[in-house]
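None of the figures in this text is laboratory data; all of them are computed from the coordinates on show. The structure presented is a predicted model; accordingly, all values stated were derived computationally and were not measured. Here Cβ is always computed from backbone atoms with ideal geometry, including for glycine, and neighbour counts include all displayed protein chains.
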Amino acid sequence: MDYTLPEDSLFLGFDCSTQSLKATVLDANLSIIASELVHYESELPHYKTKDGVYRDPSGNGRIVSPTLMWVEALDLLLGKFVKSKLDFGRISAVSGSGQQHGSVYWKKGSLLTLASLNPEKTLREQLGDAFSTKESPIWMDSSTTTQCREIERSVGGAFALSQLTGSRAYERFTGPQIRRIFETQPEVYHDTERISLVSSFMASLLIGGYASIDETDGSGMNLMDIRQRIWLKGALEATAPGLGDKLGELAPAHAVAGLIAPYFVERFNFKKSCLVIQWSGDNPNSLAGLTLNTPGDLAISLGTSDTSTTFEIAQVFGITREPQPRLEGHVLPNPVDPNCYMVMLVYKNGSLTREDVRNRCAEQSWDIFNKFMEETSPLNGGKLGFYYKEHEISPPLPAGCHRFVLGNFTDDSIDELKAHEVQEFDAPPEVRAIIEGQLLSMRAHAERFGMPSPPKRIIATGGASTNKTILKAIASIFGCAVYTVQRPDSASLGAALRAAHGWLCNMEGCFVPISCMYENKLQKTSLSCKLSMPAGDAQLFSRYTSLMRKRMEIEDHLTQKFGGGKIVI
């Protein structure tokens, strides 16, 4: 069948992130033709945010953003496209990405306001009184530990909740956020007629009505049954009374949220037939932007995150057919294929931790760092390191360094070797230990979630994806070829790709695999993946498998000894 997009059509993707609102425009060949950005702190200084947020001065971990800031940013960004003479009349579909776990609270009666927007006025002028609280809890919020434990207990514990919803209760997740508002601001909760995620909130602005929460972003709330794709009754009841009515229905990520609202048709000259495809979270959209679309695909982020100046986030994304949730990491519905699931692992200790070892051991030089990597043999002579500048998430361990040496490492059976802890390594083994340690951890945790070994392929992204020495280690440890991509903003790009995909599914009247849309297109655009490192030696991969098992034995022991407690990102 012919799944060609209309020749003259454009597809617009937004990303409403912590610090900025970004947008990417694709043409029918999936080439990027335009992009714009509104930086909240510098371009909307009257909100007086720092890094796009307000931090509670009491130090209780409460972190929020002003909801109206996102509203005003949308008008401002579209105005930038007007100045650059983007032809809005060519846009066939719009979708977007919202920072996951943020929530918006619509005041009773606001639906009427939303449905009758006046194109002669700005969105901010008309929506200033539309919210029962003007501050939206976001993913950085860590004030909900009590609520997390309450929700977990209601369904039989943390593991039971993860099996049902794809994740244990995390402080940043929306369910605990809602429960805290219900408990501490009951008047706000009772004056709320609809609760949106940041994603469905922005989609609501675009359609002039309440958009559904999409299934993928909805799974980041501790409230949704990930297998049946419905709200989990027990979790809803444990969170707040009448919550199901305030959340509305769920929708697949490729579904149409509605037509573009008359406000945007008259104010910016969108065509009336422009579709608004369900918005989703930033992580699902990043997966789409990396063009992962086949079970067995794995992506590794090797760069710092631009979502926070406080710490970095390293991530591993994978696609699997069968969900196997655990206490660490997350399982979400796949945003581009309702028959698959997305595995996501999150790490606080990534490139900044590697840089710390480089600065201590390699004279602050990546050339010397790489030289030390080449001077040491794969498997590092049985030397294993655990390096955490920050409290780690996967596994849940406090800041600190732990170094181990396997005795009699020349033996063939690594499984039988005893490990003993040491205080330090020489510089070259330290360098290899940080690289192998991070990659072995990523591989082990991915496999615990059901990812195949070896993966079908790995897509590496981020600053360190240009480092051939690190890519060689990835290929050896994971046992598959490594591809690299350069994505200026994978979340808004993924949203634009999902806009095109949703448009195609709507035209066909059924779900169409996104790979059909990609056929004969990706390699001709900036979306192509470059083969940067072939798969490593099969025998070496097998030895790394044994070393990984030994490392996980040690990790489990460290977790029992030092782990537990509050897990916050």
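With a Förster radius of 22 Å applied to the C-beta separation of Asn269 and Ile33, the computed FRET efficiency comes to 0.80.
How about the stretch 364-425: which trypsin sites (Lys or Arg not before Pro) there lie in a loop by DSSP and see at most 10 other Cβ atoms within 10 Å? Write down the numbers at each step before the final one.
Details: sites: Lys371, Lys383, Lys389, Arg403, Lys418; in loops: Lys389, Lys418.
Taking the stretch 364-425 and a limit of 10 other Cβ atoms within 10 Å, the loop trypsin sites (Lys or Arg not before Pro) found are Lys418.
For Gln486 and Asp191, a Förster radius of 51 Å and the Cβ-Cβ distance give a FRET efficiency of 0.65, rounded to the nearest 0.05.
With r as the distance between the Cβ atoms of Thr184 and Arg124 and R0 = 25 Å, compute the FRET efficiency 1/(1 + (r/R0)^6) and round to 0.05. Display every interim value, and only then the final one.
Numbers: r = 27 Å, r/R0 = 1.10.
According to the calculation, E is roughly 0.35.
Each Lys and Arg adds +1 at its Cβ and each Asp and Glu adds -1 at its Cβ; summed about the Cα centre, the chain shows a dipole of about 60 debye.
So for His254, His39, His391, fewest C-beta neighbours within 10 Å to most, what's the order? Intermediate values should be presented prior to the final figure.
Details: His254 24, His39 13, His391 19.
Final ranking by Cβ density, sparse to dense: His39, His391, His254.
Once backbone amide H atoms are built at 1.01 Å from N, Gly281 has Gly98, Asp217 as its partners under 5 Å, excluding neighbours fewer than 5 places away on the same chain. Can you pick out the pairs among Lys48/Lys134; Lys50/Lys134; Lys383/Lys468; Lys389/Lys472; Lys85/Lys271; Lys48/Lys85 whose Cα atoms lie more than 20 Å from each other? Cα-Cα > 20 Å for Lys383/Lys468; Lys389/Lys472; Lys48/Lys85; rest within.
Taking the Cα centre of the stretch 10-284 as origin, work out the dipole magnitude from +1 charges on Lys and Arg Cβ and -1 charges on Asp and Glu Cβ, in debye rounded to 20. Intermediate results must be reported in sequence, preceding the final value.
On the way: 28 positive and 31 negative charges, 27 e Å.
With only Lys, Arg, Asp and Glu charged at Cβ, the dipole is about 120 debye.
Can you pull out the trypsin sites (Lys or Arg not before Pro) in the stretch 48-137 that DSSP calls coil and that have at most 13 other Cβ atoms within 10 Å?
Details: sites: Lys48, Lys50, Arg55, Arg62, Lys80, Lys83, Lys85, Arg90, Lys107, Lys108, Lys121, Arg124, Lys134; in loops: Lys48, Arg62, Lys85, Lys108, Lys121, Lys134.
In loop regions of the stretch 48-137 (DSSP not H, G, I, E or B), the sparsely surrounded trypsin sites (Lys or Arg not before Pro) are Lys48, Lys85, Lys108, Lys121.
In sequence order, the stretch 389-406 has phi-based couplings of 6, 10, 3, 7, 9, 10, x, x, 10, x, 4, x, 10, 9, 10, 10, 10, 8 Hz under the Karplus curve 6.51 cos²θ - 1.76 cosθ + 1.60, θ = phi - 60°, and Gly or Pro positions carry x.
When +1 charges are put on Lys and Arg Cβ atoms and -1 charges on Asp and Glu Cβ atoms, the dipole computed for the stretch 14-171 relative to its Cα centre reaches about 160 debye.
How do Glu328, Glu374 rank when sorted from fewest to most other Cβ atoms within 10 Å of their own Cβ? All intermediate terms of the calculation are to be shown ahead of the outcome.
On the way: Glu328 20, Glu374 12.
Fewest to most other Cβ atoms nearby, the residues stand as Glu374, Glu328.
For Ser116, Ser490, the sequence from fewest to most other C-beta atoms within 10 Å is Ser116, Ser490. Among the trypsin sites (Lys or Arg not before Pro) within the stretch 448-520, those in coil by DSSP and having at most 16 neighbouring Cβ atoms inside 10 Å are Lys456. A straight chain from Val82 to Asp8 at 0.36 nm per residue would run longer than the Cα-Cα distance by 24.8 nm.
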